[in-house]
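Everything on this sheet refers to the single structure shown next.
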Ligand SMILES: Cc1ncc(COP(=O)(O)O)c(C=O)c1O
């Protein structure tokens, strides 16, 4: 069903009015990181006093500056959500109308939709067995004279094979853009992933570790892109007299910028807690036949956005769906990210998945993936239940 991953995420949040610290509470896959209300109140008073609530206000400018420093990237521009950020990233490169953009089906709907909304055609290719990001060999196999760009996704915070993808992009003169919605704060070989490729887009949706409730960020290694992105984000308005391009409204307001400034202070602490939780999950689940856990490679600093397991039913003896139901019986709500994949949606059902294998690996992987609750609200008693359910 179209877009249901997002709907499910939102549904899971709506069902989380109370913290997970009571004996009978349910545990959901994500929990929004929220700042202290009294700190937010201080900012609200400042915004109300200034009467400047949106349109490049001082908090918006301050947050962009801090994000540019944190991610060590010259161009870091806020958006009202990651989807609009992706649409603008594709517009930035002025890709020929109707041209092909190679992407992965193992992602959230926004990746493929941002291509289609730009009048471009998504071409879906297989993923690697290793970390379920786009397979560079399949990318190369999919390139035709009509290809203009690659939109790769650091899915679950697993970092794409940038070396291979950038070599392919150079060789075939393609633009390389990253959907980095899951990878805020990640580095590869010590380099901020916000600087990779021609542009990267982060989501600051409430389900993301660093969030502004809704929001996004478009980064580029080129300072010269700032003016074009600014115009694209603001209806193409240069000044009171001139509208110079076909822009959109991608602006973030001052209240959400304030939440961003406050959450930036909380980000590293929450990330460390999740890193410790990843360690605990690995202790509990490693060594169970048929349960594949995602380990972080030595050259990657993990964003700690998701904790993914894959269940091979032939080895484990039960399916991913069996495990999900068994966890739900204990009020632990894991999620099948990403299942369905984009090529299962009605609008992309006729699109093939190009692979260098006999059968696309992603068709197998989609039935095996399960994201477990991953936030600082997960307690030892929850881990005990997860352990018991998986080992039964
Ligand atoms: C991989 C991926 N890309 C893009 C988006 C879209 O971001 P947003 O919800 O901020 O529009 C998401 C959102 O979850 C995502 O998971």
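Derivation of every value follows stated rules applied to the coordinates shown; laboratory data play no part. Worth saying up front: this structure is predicted, and the values here are computed from it rather than measured. Quick reminder, even Gly has a Cβ in these numbers, built from the backbone with ideal geometry, and neighbours come from all protein chains shown.
Observations on the model:
- Taking a ≥ b ≥ c as the square roots of the eigenvalues of the Cα gyration tensor, the range 233-381 is classed as oblate, since a/c reaches at least 1.5 and a/b does not exceed b/c.
- Among beta bridges identified by DSSP and lying wholly in the chain, the antiparallel ones come to about 55 percent.
- A Förster radius of 51 Å, combined with the Cβ-Cβ distance separating residue 41 from residue 392, puts the computed FRET efficiency at roughly 0.60.
- Inter-label distance, nm, simple model (7 Å from Cα along the C-beta direction), residue 299/residue 62: 3.9
- Centre-to-centre separation between the Cα atoms of the range 342-392 and those of the range 151-182: 21 Å.
- Short-range pairs are left out: with C-alpha atoms under 8 Å and at least six residues apart, the relative contact order of the chain is 23 percent.
- Overall form of the chain per C-alpha gyration tensor (a/c, 1.5; a/b vs b/c): oblate
- Contact order relative to length of the range 188-261, as percent, for alpha carbon pairs under 8 angstrom and 6 or more apart: 24
- Relative exposure of 233, 359, 310, judged by other C-beta atoms within 10 Å (fewest first): 359, 310, 233
- Distance between the range 239-296 and the range 112-143 - C-alpha centres, whole angstrom: 23
- Relative contact order (percent, whole number), the range 153-237, Cα cutoff 8 Å, 6+ residue spacing: 21
- Taking the square roots of five times each eigenvalue of the Cα gyration tensor of the range 132-252, the equivalent ellipsoid has semi-axes of 27, 20, 12 Å, listed largest first.
- Dividing the helix sum by the residues of the chain, where each DSSP H run of 4 or more adds -39500 (n - 2.57), gives a mean residue ellipticity at 222 nm of -11500 deg cm²/dmol.
- FRET E, pair residue 349, residue 321, Förster distance 30 Å, beta-carbon r, rounded to 0.05: 0.90
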